[in-house]
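> For reference, the structure I am asking about is given below.
Values quoted throughout were computed directly from the atomic coordinates according to the rules given, and no laboratory measurement underlies them. This is a predicted model, so every value here is computed, not measured. Every residue, glycine as well, gets a Cβ built from its backbone with ideal geometry; the counts of neighbours run over all protein chains shown.
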Amino acid sequence: AAALLTFSFYIFNFLCTATTPLVSRRRATKDETGAVSVSGQALSLALILGASLCAMLQIFHQPLLNVMGTGFTGQEANEYANSFLLARSFAAPAVFFISAATGVLRGYLDTKTAIYVLAFANVINFSLDAILIAGMGMGPTGAAIATTTAEWIAAILFSLVLAGKIPSADGELGSNQKQTFGSGYFGSELEQDSLHSEEFIKIVPAVTVPAWKDVKPLIVASSSVFLRSVILQIALSGAASLAARGYDGAASVAAHQIAIQLWLLCSFVCDALAAA
C-alpha cells in the first residue's frame, strides 16, 4: 500500500517543479496579474487531480493492491493494506495542493514558509502517531489517519498564506506582504500599514475554466517531468511488487520498504539544489 501511494503521489510532483518557473518568469517581466493567474490555475489543477486520484483509489483499491502482490502476503496483511490505502487516499487533494502551493511560493522567492508549515504538520503527525498507534493501538490505520490529518492541516495553512489571511515567513505573500498587487513597490513599514488589504496579492484556486492558451504552458512544462516520474515510480513499485511475491512475503515487503524509505530520504537532500 505504501509503495502504491508513493507511486500515485510522486508522479504528480510536477505540480511544484513546473509551477515555480512559470510564476517566476511572469514576475520577472513585471506581469503580476499573470503570476497570480497561473498560480490559481496550478492550485485548481492540483485539487482536480487530487480528487480524481482519491476517487480512483477508493474504487479500485483491491485490484490495485492485487497488482502490488498483497495476495501473496496473507489475509491479515491485505486487510492492513486496504485500511491504510483507503485512509491515505483522502489526502490526495491535500498533497497535490501542498505541492502546487510550494511551487507558487518558490516562484515568489519564498522558501521559508513551506519549511515552517511542513515542520508544524510533522509535529502534528508525530503527536497523532503517538496517540493513535501507541495509545489506541490502531496500527497502520492510525498511522494513515495521522498523516492524512497532518497533510490537510498543512494544505489549509498554505491556502491561508496564499489568500493573505495569515503571515508568510518572508513577507512576499500572506497578510504581512511588503508588495502590493501590480505595483511592484516595496514601501516602508509605515507605508505598508496604510495600505488596504484589497491591494495585497491574494492567490486562490481559479473558479473558472481557463482557456487552452492560458494552461498550455503549465501542461507542456509538466509533461516531461511527469513522464520521468512515471518511469521512475514504475521501476520502484515493480520492485515492491516482486518483493511481495518473494519467498518471505510480508517480511520481504517490510525490509524493502525500510530500504526504499532510506533511499528516498537521501534523494530528497538534492531537492534544494534542483529547486535552486
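> Going by the alpha-carbon gyration tensor, a ≥ b ≥ c the square roots of its eigenvalues, is region 50-166 rounded (a/c under 1.5) or, if a/c is not under 1.5, prolate (a/b greater than b/c) versus oblate?
oblate
> Given R₀ = 45 Å, FRET efficiency for Ile156-Ala134 by Cβ-Cβ distance, to 0.05?
That gives a FRET efficiency of 0.95.
> What list of ³J(HN,Hα) values in whole Hz, one per residue of region 87-95 in order, does the Karplus curve 6.51 cos²θ - 1.76 cosθ + 1.60 (θ = phi - 60°) give from phi, with Gly and Pro shown as x?
Residue by residue, region 87-95 yields 5, 6, 4, 5, 7, 4, x, 5, 4 Hz.
> Calculate, in nm to one decimal, what Glu79 and Ser175 gain on full extension: separation in residues at 0.36 nm each, minus their alpha carbon distance.
Length gained between Glu79 and Ser175: 30.0 nm.
> Right, another one. Assuming 0.36 nm per residue, please report the length gained on full extension of the stretch Val230 to Asn122 beyond their Cα-Cα distance.
Stretched out fully, the Val230 to Asn122 stretch lengthens by 36.2 nm.
> Would you please give the residues with an amide H less than 5 Å from that of Phe200, counting only those at least 5 places away or on a separate chain, with H modeled from the backbone geometry?
Phe181
> Oh, and also: Once both labels are modelled 7 Å past Cα along the beta-carbon direction, what's the Val67-Ser52 spacing in nm?
Between Val67 and Ser52, the simple spin-label model gives 1.6 nm.
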